[in-house]
Each structure stands twice: as structure tokens, then as C-alpha cells.
Amino acid sequence: STAGTTGASGTTGTAGTTGAAGTGAVASCDITPLIQPGKYNCIVAGACHAGDATTAGGLSMQPADWSKLVGLKSNGMNNSMCGTNTTPYIIKGSANGDGLIMQKLTTDPPPCGALMPTIGGPMAQSDIDCFRKWATALANK
């Protein structure tokens, strides 16, 4: 018997184009709707992180206070269970928004206190992703 012939080789594809250069800015996400009454209730008057005299651990989630969270550590006030934790709420320069906020949202059990949010939780993965983008943008301002 005789061997069959081999088929012709195919043509190669053309190279794809590369993407445009990035701006270096870190994309953020607006967490404002997530911290409001009706969602996770972080800043409801009398809630743990409303930015008033009863704010737990000095962690105000009021938008006007966000920039202060980078490098800030819990002060242990108002029944905070994280007073001895030395991790900042948001670690300056973190490439993934790491810090105590993200640890409290994603680690069960967290390094101190309870998994957040305690009202309206557990948090949806898409909302955790939004918080991570927000924290990363703040960490790299």
C-alpha cells in the first residue's frame, strides 16, 4: 500500500494590535450607594461609622473623611474591638487596596472584631470588588 499525501499547511494569522498606553490612574468605584441606609447602613445616624461622636474606632465612612483613612489606625474608641490592631484602615501605596477595611470585609473571622457589614450583610462579591477599587484608588492618590 502507498502512504497518503499530507495536506497543505495553513496560513498564519496577522498579529493583533496592542492596547493604548494607560494613564497610570487607578480606576475607582463609588461606594456611596453601598454605605447608605437601605444597603449596608454604614453611615446611618447612630450606626458604627456615621462620623459622629459614637463612631467606632475613629473609622468614619462619611465621604468627606475618606482621604483620612489612608494610614489611619483604629483608636479603639466606642466599643471598637480593633483598638490593638496596628494595620491602617487603608495602607498607603497598596496595589490592591489592602488594609483593615478590606480585611474586615473579606476575612472571616477578621483579625479583630466582626466580619463587616453587620447590618445588611454579608456583602455581595460585586460590592466587595467596588470597595477594593475605591480603597486602591485612595491608597494611591
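The values are calculated or read from the model by the stated rules, or taken from the named source; none is laboratory data. Keep in mind that this is a model prediction, so the values were computed, not measured. A quick note on method: Cβ atoms are made from the backbone with ideal geometry, for glycine too, and the neighbour counts reach across all protein chains shown. Accessible surface areas use protein heavy atoms only, side chains included; no ligands, DNA or RNA. Shrake-Rupley method; radii C 1.70, N 1.55, O 1.52, S 1.80 Å.
Computed about the Cα centre, the dipole magnitude for segment 37-104 is approximately 100 debye when only Lys and Arg (+1) and Asp and Glu (-1) carry charge, each at its Cβ.
In this view, the solvent-accessible surface of ILE91, computed with a 1.4 Å probe and all protein chains in place, comes to about 60 Å².
Put +1 on the Cβ of each Lys and Arg and -1 on the Cβ of each Asp and Glu in segment 97-141; which of LEU138, GLN125, MET102 then has its Cα farthest toward the positive end of the dipole? It is LEU138, whose Cα lies furthest towards the positive end.
Extension gain for ASN78 to ASP30 (0.36 nm times residue separation, less C-alpha to C-alpha distance): 14.5 nm. A straight chain from ILE128 to LYS68 at 0.36 nm per residue would run longer than the Cα-Cα distance by 19.6 nm.
Net length available on complete extension from ILE119 to ASP52 is 22.3 nm, with 0.36 nm assigned per residue and the Cα-Cα distance removed.
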